[in-house]
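Chemist: Quick one: the structure is below, and I'll ask about it shortly.
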Amino acid sequence: MGRSRRTIPEELLLLALDPTTGTTAQPQSLDLGLAGAQLVELALAGRIAPDGDRIAVVMARPTGDPTLDSALELLRRRGSPVRAVHWIGGPRLGLRQTYLTHLERCGMVHAVAGQMCGVLPTTRYQATETAISREIRARLDNAIRTGVPPDPRTAALAALAHAVGLGKHLYPGNEGRSSRSRLRDLIRHDPMGGLVAHAVMDVQNGAAAQPRRAQAAGPGAVRQTAARATEPAGVPVQSRHGHGSMARVGAR
């Protein structure tokens, strides 16, 4: 797999970077989204495939991307298909920083050192290749505004952007409400992206361990669990069309 094409984790991170402040939107859920984006990228590369709600390795040959290949090797070592929610909810220490460092090395962002409260050292990252960020955003805007089914990469990126709660970052305010709704709807255009995006939301909502409990409680509980899993964590029921809050903190 050549490195001329940006990967979905890289594009998701560039979408999350605020061009003015250098902070990343939704940093905690973004970490889950990056893990999920790796799965989508590996699926597009023909290395893994969905098996129900699980992920199975179908080709163990490396892609040439060290970060993706590390994830592929961990999946291979499992020996059997793993539930997407368990994989995404597992420890991913340093994954966001790994991608930020890679983007800095590629010249797409640059690090800005600073201090929090005048004491604690911080690092923020600002995009240097703004044309690339604009192109990524334009693909999402086009899919949202034209209604034309997007290509699988854009559909998966949109699904993950919704899953991690980037809707209010990308399309803020009341004027962005319809765009946030359409962003959510793009989740249906890519099966793998949809599977992973729902798994990201399940982890945020604490639903990774719920199927067994829901089955024991009966069909009503299953329906309620499924309904809750369609919303990113932190979005109240009355705010399903994008009125949830957005938190912004530094990349570190």
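The values are calculated or read from the model by the stated rules, or taken from the named source; none is laboratory data. For clarity, every value in this text was computed on a predicted model and none was experimentally measured. For neighbour counting, all protein chains shown are included, and Cβ atoms are generated from backbone atoms with ideal geometry for every residue, glycine included. All accessible areas refer to the heavy atoms of the entire protein, side chains included, with ligands and DNA or RNA removed. Shrake-Rupley method; radii C 1.70, N 1.55, O 1.52, S 1.80 Å.
Chemist: For the stretch 93-109, just list the computed ³J(HN,Hα) in residue order, Karplus coefficients 6.51, -1.76 and 1.60, θ = phi - 60°, integers in Hz, with x standing in for Gly and Pro.
Modeler: 4, x, 5, 4, 5, 4, 6, 4, 4, 5, 5, 5, 5, 7, x, 8, 9
Chemist: Given just the C-alpha atoms of the stretch 1-150, how large is their convex hull per residue in cubic angstrom?
Modeler: On the way: hull volume 20.3 nm³, N = 150.
Output value, Cα hull per residue: 135 Å³.
Chemist: Can you quote the Å³ per residue value for the convex hull of the Cα atoms in the stretch 12-70, rounded to an integer?
Modeler: Taking the convex hull of the Cα positions in the stretch 12-70, it is 97 Å³ per residue.
Chemist: So if we plug the beta-carbon distance of residue 126 and residue 61 into 1/(1 + (r/R0)^6) with R0 = 35 Å, what FRET efficiency do we get, rounded to 0.05?
Modeler: Calculated transfer efficiency: 0.45.
Chemist: Within the stretch 62-81, list the residues whose amide N lies under 14 Å from a label point set 7 Å along Cα→Cβ of residue 101.
Modeler: The answer is 66-68.
Chemist: Moving to a separate point now. Can you sort 10, 129 by solvent-accessible area, 1.4 Å probe, largest first?
Modeler: 129, 10
Chemist: Which parts of the stretch 122-141 would a label at residue 112 reach, counting a residue when its backbone N lies under 18 Å from a point 7 Å out along Cα-to-Cβ?
Modeler: Within reach of a label on residue 112, which here means backbone N under 18 Å from a point 7 Å along Cα→Cβ, the stretch 122-141 contributes 122-134.
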